[in-house]
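Report on the following structure.
Just so it is clear, none of the values below were taken in a lab; they were calculated from the coordinates. Model, not experiment: these values are computed from the prediction. Positions of Cβ are generated from backbone atoms using ideal geometry, with glycine treated the same way; all protein chains shown enter the neighbour counts.
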Amino acid sequence: MSSDDNNPEFEDYGRVSSYYDKTRVPAGLDIILKMIAQGKGKSTVILDAGCGTGNYLCGVAPHVKQITGLEFNRGMLKQTIAKVGQSNLVDKVKLLQGSLLEKKLPFDDSSFDAIMINQVIHHLDDGSDPTFPNLRHLLLEFARILKPGGFLSINLTTRNQAGSFWWQSLMPRANKDYADKHIPNGLLIDYLTEAGLGFKEMIACKDPLQGDHYFNPAGPLNSDWRNGDSTWSTLTNDELDGIKEFIQTMVDQGIAGRYMDQHDTQRRAIGQSTFVISYKG
Ligand SMILES: C[S@@+](CC[C@H](N)C(=O)[O-])C[C@H]1O[C@@H](n2cnc3c(N)ncnc32)[C@H](O)[C@@H]1O
């Protein structure tokens, strides 16, 4: 178990945990399910690293033998526990509270056929160290606990995709900070290789992380909606007030939908997230 000191978190997931599922969906779940089907299928033993409220975990569980969710934030984990408790998946699921930043993850060598980590790695390093030491170490740990031939799926928003949210041009400072928290693709591949995880492919996903909730031009006016994307929590009060005023004016003028559509071109072109797939040799 970890103390709060062992987490450089910029988002207060304790607060966000009760709102998260109002707007978040497991975007690109089909990509992970395809990887599983092409691998060990129903006999797969998989780790969901940073499982959050269990959206991917519950989507994957019916298709594998066993799934373990490791999550740092107790509020987020509580949501997963409730979701799993209401399902018929209980026997397949193990849940652990703990940090991915521990020197040694609480799993034996060669424990898993697969590991997925969805929208978590930008929470591990704050972008102030361009060598991303926490992620670098975590990849070594992933290589240790993966079985030979097992795969790792890292789902991240790449630096290029950081602007692929229709509202990003309204928050240039926060958007730059958000992009900086993401490891450059080339360095990620170097670290995968260093860890003995052979890079296979990158698959871009155009589905919004917030599903249909993303297409809400008045969304920024609603705190529940903003809680579904951690970039909003990094704004100063002044920045947020300015954006809300701008959106409200567009809503009043009936042009907010057009604004959203015109600023959503990058997502449609290059996607909003990427699955980086690698294998342990
Ligand atoms: C954006 S959420 C993604 C949750 C889930 N994977 C999903 O895609 O729905 C990021 C999650 O990473 C978790 N997280 C951040 N740092 C962590 C750490 N050091 N160890 C474990 N979990 C961590 C947060 O608590 C949060 O639940």
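Out of the range 129-170, which residues are basic (Lys, Arg), in a helix (DSSP H, G or I) and either surrounded by fewer than 17 Cβ atoms within 10 Å (Cβ to Cβ) or away from the ligand (no atom under 15 Å from the Cβ) (or both)?
ARG144
State which residue is surrounded by the fewest Cβ atoms within 10 Å (Cβ to Cβ) when the search covers only the range 30-46 and only residues that are among the aliphatic types (A, V, I, L, M) and touching a helix residue (DSSP H, G or I) at 6+ places or on another chain (Cβ under 7 Å).
Among them, the one singled out is LEU33.
Show me the strands (runs of 3 or more DSSP E) found entirely inside the range 47-127 where at least 2 residues are under 26 Å from LYS22 (Cα atoms) and not aliphatic (A, V, I, L, M).
66-71, 93-97
Please work out which one of (1) among the hydrophobic types (A, V, I, L, M, F, W, C); (2) more than 26 Å from ARG267 (Cα to Cα); (3) within 13 Å of the ligand (Cβ to nearest atom) is the condition ALA37 fails and give its number.
Single failed check for ALA37: (3).
Hey, could you check the range 72-126 for residues that are away from the ligand (no atom under 13 Å from the Cβ) and aromatic (Phe, Trp, Tyr) and say which is surrounded by the fewest Cβ atoms within 10 Å (Cβ to Cβ)?
Among those residues, the one meeting the criterion is PHE107.
Please indicate, with yes or no, whether at least one residue in the range 177-200 is part of a helix (DSSP H, G or I), within 24 Å of ASP252 (Cα to Cα) and either touching a residue at least 12 places away in the same chain (Cβ under 8 Å) or over 15 Å from the mean Cα position of the chain (by Cα) (or both).
Looking for residues that are part of a helix (DSSP H, G or I), within 24 Å of ASP252 (Cα to Cα) and either touching a residue at least 12 places away in the same chain (Cβ under 8 Å) or over 15 Å from the mean Cα position of the chain (by Cα) (or both), one finds none in the range 177-200, hence no.
For GLY228, state whether it is outside any helix (DSSP H, G or I), surrounded by 14 or more Cβ atoms within 10 Å (Cβ to Cβ) and either small (Gly, Ala, Ser) or touching a Phe, Trp or Tyr at 6+ places or on another chain (Cβ under 6 Å) (or both).
Details: outside any helix (DSSP H, G or I): yes; surrounded by 14 or more Cβ atoms within 10 Å (Cβ to Cβ): yes; either small (Gly, Ala, Ser) or touching a Phe, Trp or Tyr at 6+ places or on another chain (Cβ under 6 Å) (or both): yes.
In short, yes.
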